[in-house]
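> Can you keep this structure in mind? I'll have questions shortly.
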Amino acid sequence: MARRKGSENEAEAAGDPLHPRLTDGLFGHEEAEAMFLRSYNAGALHHAWLVTGERGIGKATFAWRAARFLLSRHGENAAANLTPATTLDAPSTHPAARQIAAGAHSSLFALEVSGASTIGVDEVRKLRAFLGLTSPGGWRAMIVDPANDLTIASANALLKAVEEPPPRTVFFLVSHGAAAVLPTIRSRCITLTLHPLHAEPFANAVESACARARLDIPEAEQMQRLHALSSGSVGRALDLIGGGLLTLADKLERVIDRLPRLDHAAVHDLIQSASGAKNADKFERLCDLIEERIEARAKSAAQGGRGNTTQAALWAVAWQGFRERRIETDVLNLDKGAFLLAAFSDMERIARKA
């Protein structure tokens, strides 16, 4: 049975048209799919896969897609002299696909959690108890999403399950960065690194998601802007579309593009548009966007032609400081405008040192 942990209950999850469980297609990750299929077709499918990469690029979709594929194969593999599989596609009419879509497949266990929570040791113990049940035959799939949210205790509990899995059991650990996963777990996994999508698969993925969620599909020019603003992340793009936040993102981009010159009028306008109780969601999303842009600056400085380790370190410190002050502002109910102004002043200071 699929289990869900987090702020949403099972009924709410089943009603979310964008949940990876309900997503059939995967765009732009053919190499990762081919690697998984080679292992499967060789009759030696590894039991643990760590799927890593940036947020919102399809990691969870890959995990659910691979699990759906396995559970639709009834435990078969190339050793049974079957025709090699060429795709992870599983017909939506297949009983396994229908059961997974309903969150009711007896051979699937999923640990999912919202970004503000953690996966505790009690949840992992439920997974291990599930593994101890008599298998109905065929494959079994375990999905942990994201593995970043495991506590030390729950990671160690999961390690024991990954170390000695029952036959025909496959773990899919979704992670926003492999380094955040316990090294002893990483060492027992095959790592599949997914990359941000290029323009064409990005557009295809966004169109597909918008159709499922009944959102307006962006025009070509707007799609290009979304690709740039989201850095190839479909999840981030959908946040911008669904939350009506493209204007906010554009304002932020113009402010950052003008650094090291800080346009104080534009900054004031940006802060005002995300201030007040009625704009609480905009404030949170603006903070997310600022974090992403600071992180992007750090990566760009580190990966440039010769690499500027000093500037990369400054941006990395700014990113960490922003995250810490954001939590402090929320917990202590501090002035959000002053917090944002200080963040922009920090960015101006660092940009001037470039």
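The values are calculated or read from the model by the stated rules, or taken from the named source; none is laboratory data. Keep in mind it's a predicted model, so treat the numbers as computed, not measured. With ideal geometry, Cβ positions are generated from the backbone for all residues, glycine too; neighbour counts draw on all protein chains shown. The protein model used for the area step is the full one, side chains on, heavy atoms only, and it has no ligands, DNA or RNA in it. Shrake-Rupley method; radii C 1.70, N 1.55, O 1.52, S 1.80 Å.
> From the set of residues in the stretch 294-314 that are within 20 Å of L270 (Cβ to Cβ) and surrounded by 20 or more Cβ atoms within 10 Å (Cβ to Cβ), which is modelled with the highest pLDDT?
Filtering the stretch 294-314 for residues that are within 20 Å of L270 (Cβ to Cβ) and surrounded by 20 or more Cβ atoms within 10 Å (Cβ to Cβ), the one modelled with the highest pLDDT comes out as I294.
> Now a separate question. Within the stretch 69-84, can you find the residues that are modelled with pLDDT of 90 or more and either more than 30 Å from the chain's Cα centre (by Cα) or of a type in the set (S, T, Y) (or both)?
Correct list: S72 only.
> Do we have any residue at all in the stretch 263-271 that's loosely packed, with under 12 Cβ neighbours inside 10 Å and not polar (S, T, N, Q)? Give the steps one after another, and end with the answer.
First pass over the stretch 263-271, keeping only residues loosely packed, with under 12 Cβ neighbours inside 10 Å: 265.
Checking which are not polar (S, T, N, Q) leaves us with 265.
Looking for residues that are loosely packed, with under 12 Cβ neighbours inside 10 Å and not polar (S, T, N, Q), one finds at least one in the stretch 263-271, hence yes.
> Oh, and also: Within the group L192, L226, L215, which residue is hydrophobic (A, V, I, L, M, F, W, C), touching a residue at least 12 places away in the same chain (Cβ under 8 Å) and under 23 Å from I294 (Cα atoms)?
Of the residues listed, the single one that is hydrophobic (A, V, I, L, M, F, W, C), touching a residue at least 12 places away in the same chain (Cβ under 8 Å) and under 23 Å from I294 (Cα atoms) is L226.
> Does the stretch 315-329 include one or more residues that are closer than 23 Å to P196 by Cα, among the aliphatic types (A, V, I, L, M), in a helix (DSSP H, G or I) and modelled with pLDDT of 90 or more?
Taking every residue of the stretch 315-329 in turn, at least one turns out to be closer than 23 Å to P196 by Cα, among the aliphatic types (A, V, I, L, M), in a helix (DSSP H, G or I) and modelled with pLDDT of 90 or more.
This table checks each residue for (1) open to solvent by less than 20 Å² (accessible area, probe 1.4 Å); (2) not acidic (D, E).
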{"position": "A157", "(1), (2)": "yes, yes"}
{"position": "P166", "(1), (2)": "no, yes"}
{"position": "A228", "(1), (2)": "no, yes"}
{"position": "L240", "(1), (2)": "yes, yes"}
{"position": "E253", "(1), (2)": "no, no"}
{"position": "L259", "(1), (2)": "no, yes"}
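> Tell me yes or no: at least one residue of the stretch 331-345 is among the aromatic types (F, W, Y) and in contact (Cβ under 8 Å) with a residue 40 or more places away in the chain. Before you say what the answer is, go through the steps one by one.
Initially, the stretch 331-345 is screened for residues among the aromatic types (F, W, Y), giving 339, 344.
Adding the requirement that they be in contact (Cβ under 8 Å) with a residue 40 or more places away in the chain leaves 344.
Yes: the stretch 331-345 contains one or more residues that are among the aromatic types (F, W, Y) and in contact (Cβ under 8 Å) with a residue 40 or more places away in the chain.
> Which residue out of S135, S92 is open to solvent by 20 Å² or more (accessible area, probe 1.4 Å), more than 27 Å from R55 (Cα to Cα) and of a type outside the set (D, E, K, R)?
S135
> With respect to I100, is the statement that it is of a type in the set (A, V, I, L, M, F, W, C) and either buried (at least 18 other Cβ atoms within 10 Å of the Cβ) or on the phi > 0 side of the Ramachandran plot (or both) true?
Judged against the criteria, I100 is a match.
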